[in-house]
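These notes are about the structure you will find just below.
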Amino acid sequence: MNNLCADIGWKSLNHYGEQLCGDHIEIIEMEDDNTVLVLADGLGSGVKASILSTLTSKIIATMTSQGISLEECVKTIAATLPICKVREVAYSTFTIIRLIHNEEAEIICYDNPDVIMFRDGKIYEIPFKTMNIEGKIIHKSSVKLRENDTFIAMSDGCIHAGVGMSLNFGWERKDIAEFMETISDVGFTAKTLSTVLTDQCLKLYGGNPGDDTTALAVRIRARQQINLMIGPPSDRNDCDKMVSLFLSKGGKRIVCGGTTSTIVSQYLKKPIIPNINYYDPEIPPTATIEGVDLVTEGVITINRVNEYAKDYLSNNESYKQWNYKQDGAALISRMLFEEATDINFYVGRAVNPAHQNPNLPINFNIKMQLVNELSESLKKMGKKIKVNYF
Amino acid sequence: MKVTVCIGSSCHLKGSRNIVEGLQNLIAENNLKDKVELGGTFCMNNCQNGVCVTVDDKNFSVSPDTVEEFFNTEILAKV
């Protein structure tokens with residue numbers, strides 16, 4: 001076992017006017033940090049393409065994860081895929097990235113653009129072998145992994161972006177690689193990297209993609225723990241116990257809530273120094289306590305983080321907000337979404353009498369619900385979450 | 001003179017930001033930056049009477065509509 005883990009994220013654009021995407025991503029995570037990722041691009045667009053790519057990616061991911069050879073997978077696909085009546089072929093291109101113990105990556109590419117890799121913030125061309133399986137030309141490569149290695153797999157919708165409109169020959173692979181190189185090592189998540197790439201494609205397509213467009217990013221990174229404490233314990237005698245547990249864990253520490261930060265400040269015997277800069281008019285200012293990495297207000301700030309987390313998992317449009325802003329919610333979002341792989345929540349269940357005013361849009365139940373929703377979203381981002389109640 | 005505005009959840013929802021910005025402007029307009037230290041604090045445990053503001057440890061309840069009046073009587077008149 002090593003300390004590395006894979007941060008995986010993707011984003012697809014549908015062909016203009018289509019309800020379904022003809023590209024499909026399938027991910028199977030197995031024990032011992034083994035992961036199989038498949039990006040399949042079905043012939044054409046719409047329902048037919050969607051069926052082809054879904055079948056292809058499911059078959060390959062399932063078979064590969066069971067240790068069945070690539071040759072067998074390709075034969076099975078060729079024998080299984082329905083044949084298109086118009087074109088008389090059964091066809092879906094695919095890229096497979098197989099992570100072995102997060103130590104080695106095996107990459108197999110059939111007719112998709114070759115996977116782009118970045119190492120230490122620079123483009124790293126992976127040498128590949130060419131194989132012929134059942135008449136299909138397949139590129140195969142493998143590479144030993146290092147921390148911060150980043151892979152980007154694409155459907156051809158990316159390299160065709162802007163063909164005949166803004167660009168003569170579309171957005172060529174080497175230009176995409178150079179475009180992504182500048183942001184490959186700045187701490188963006190895999191989801192953000194794939195969103196930046198597809199957003200740019202959408203721009204080149206003038207807002208109407210002429211093909212299904214998908215980017216899949218994988219970042220190999222070290223595990224990093226972050227601890228977040230919110231709310232005072234229901235029994236005030238447990239304050240010291242709660243704070244000492246919270247402070248005993250390694251990794252960065254975030255304290256949310258006025259009363260909560262007072263408890264931490266008393267325990268540490270360090271003052272709370274609030275600032276009064278409103279970077280976002282709706283989010284109360286942050287504060288500092290020596291020994292804690294970030295101190296914010298509680299329920300309003302966490303509510304915003306929760307909104308960002310939900311958006312991150314759907315359209316990922318708000319990364320443009322939390323990615324650079326300096327308010328408490330954006331700062332927490334960067335720490336939880338980008339930095340953390342393992343998050344420990346320390347949640348106090350005390351009821352704040354001031355929040356039970358029916359004229360205020362916050363109350364105890366909302367706080368508990370927010371923490372639940374946020375931890376569920378973070379799990380969906382692939383993070384390991386532990387919630388401790390006091 | 002030290003003026004502290006509560007920026008806790010409850011006071012925030014009642015308009016702390018308007019009060020902080022209002023006071024910042026009024027202090028600047030009256031050239032009182034050297035004489036008045038404006039700061040924030042988390043919950044003062046007096047949420048029912050928010051927005052809570054203290055002037056040298058004396059408590060006041062201010063709303064966004066009364067900022068100017070509060071500034072004139074409690075700050076400008078007393079520095």
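To the nearest Å, what is the center-to-center distance of region A:205-268 and region A:144-177, using C-alpha atoms only?
Centre-to-centre distance over Cα atoms comes out at 34 Å.
Hey, if you put +1 on the Cβ of every Lys and Arg and -1 on every Asp and Glu Cβ in region A:152-277, which of A:F169, A:S265, A:G157 ends up farthest toward the positive end of that dipole?
The residue sitting farthest along the positive end of the dipole is A:S265.
Karplus couplings for region B:11-19 from phi (6.51 cos²θ - 1.76 cosθ + 1.60, θ = phi - 60°), rounded to Hz, Gly and Pro as x?
5, 4, 5, 8, x, 3, 4, 4, 6
How far is the Cα center of region A:311-348 from the Cα center of region A:39-115, in Å?
34 Å
Give, rounded to the nearest 20 debye, the magnitude of the charge dipole that chain A has about its Cα centre when Lys and Arg contribute +1 at Cβ and Asp and Glu contribute -1 at Cβ.
On the way: 40 positive and 48 negative charges, 177 e Å.
Value, rounded to 20: 860 debye.
Cysteines of chain B lacking any other cysteine beta carbon under 4.7 Å?
Taking the Cβ cut-off of 4.7 Å, the unpaired cysteines of chain B are B:C43, B:C47.
Please turn the phi angles of region A:177-184 into ³J(HN,Hα) values with the Karplus equation 6.51 cos²θ - 1.76 cosθ + 1.60 (θ = phi - 60°), one per residue in order, whole Hz, x for glycine and proline.
Karplus values, whole Hz, x for Gly and Pro: 4, 5, 4, 7, 4, 5, 10, 6.
Mean residue ellipticity at 222 nm from the helices of chain B, using -39,500 (n - 2.57) per DSSP H segment of n ≥ 4 over the full residue count, to the nearest 500 deg cm²/dmol? All intermediate terms of the calculation are to be shown ahead of the outcome.
On the way: 3 runs with 24 residues, N = 79.
Taking each H run of at least 4 residues, the total per residue is -8000 deg cm²/dmol.
Go ahead and estimate [θ] at 222 nm for chain A from helices alone: -39,500 (n - 2.57) per DSSP H run with n ≥ 4, summed, over the residue count, rounded to 500. Write down the numbers at each step before the final one.
Working: 11 runs with 122 residues, N = 390.
Calculated mean residue ellipticity at 222 nm is -9500 deg cm²/dmol.
Report relative contact order for chain A in percent, whole number only (criteria: Cα-Cα under 8 Å, sequence separation at least 6).
15 percent
Step by step: find N for chain B, compute 2.2 N^0.38 Å, then divide the Cα radius of gyration by it. What's the final number? Show your work: numbers first, answer last.
On the way: Rg = 11.3 Å, N = 79, 2.2 N^0.38 = 11.6 Å.
Rounded to two decimals, the normalised Rg is 0.98.
If you place +1 on the Cβ of every Lys and Arg and -1 on the Cβ of every Asp and Glu, how big does the dipole about the Cα centre of region A:197-242 come out, in debye to the nearest 20?
Values: 6 positive and 6 negative charges, 48 e Å.
Taking the Cα centre of region A:197-242 as origin, the dipole is about 220 debye.
Which percentage, to the nearest 5, of the DSSP beta bridges contained in chain A is antiparallel? Numbers along the way, then the final one.
Working: 57 of 78 bridges.
Among the beta bridges of chain A, antiparallel pairing accounts for roughly 75 percent.
Starting from the eigenvalues of the Cα gyration tensor, five times each then square-rooted, give me the equivalent ellipsoid semi-axes of region A:86-186, largest first, whole Å. Mind showing how you got there, number by number?
On the way: eigenvalues 117, 93, 18 Å².
Those come to 24, 22, 10 Å.
Can you give the mean number of other chain Cβ atoms that lie within 10 Å of the Cβ atoms in peptide A:233-246? Show your work: numbers first, answer last.
Numbers: counts 0, 0, 0, 0, 0, 0, 0, 0, 0, 0, 0, 0, 0, 0.
Taking the mean over all residues of the peptide, I get 0.
By how many degrees, between 0 and 90 and to the nearest 10, does the Cα long axis of helix A:258-268 differ from the longest principal axis of chain A?
80 degrees
About its Cα centre, how strong a charge dipole does region A:228-302 have in debye, to the nearest 20, once Lys and Arg get +1 and Asp and Glu get -1 at the Cβ?
Working: 7 positive and 8 negative charges, 64 e Å.
Result for region A:228-302 is approximately 300 debye, rounded to the nearest 20.
If all Cα-Cα distances of the protein assembly as shown are sorted into 20 Å bins from 0 onward, what percent lands in each bin, rounded to whole numbers?
Histogram of Cα-Cα distances, whole percents per bin: 22, 43, 27, 8, 0.
In square angstrom, rounded to the nearest 10, how much accessible surface does A:K367 have for a 1.4 Å probe?
Per-residue accessible area (A:K367): approximately 30 Å².
Report, for region A:78-172, the % of DSSP beta bridges that are antiparallel, rounded to 5.
Working: 23 of 24 bridges.
About 95 percent, rounded to the nearest 5.
Please state, rounded to one decimal and in Å, the Kirkwood hydrodynamic radius that region A:211-342 gives when every pair of distinct Cα atoms enters the mean of 1/r. Mind dumping the intermediate values first?
Working: mean 1/r = 0.0628 Å⁻¹.
With all distinct Cα pairs of region A:211-342 included, I get 15.9 Å.
Might you work out the accessible area of A:E376 for me, using a 1.4 Å probe with all protein chains in place, and round it to the nearest 10 Å²?
It works out to around 90 Å².
The values are calculated or read from the model by the stated rules, or taken from the named source; none is laboratory data. Here the structure is a predicted model, which means the values were calculated and not measured. Every residue, glycine among them, receives a Cβ derived from its backbone with ideal geometry; neighbour counts consider all protein chains shown. Accessible surface is based on the protein model in full, side chains and every heavy atom, while ligands, DNA and RNA are left aside. Shrake-Rupley method; radii C 1.70, N 1.55, O 1.52, S 1.80 Å.
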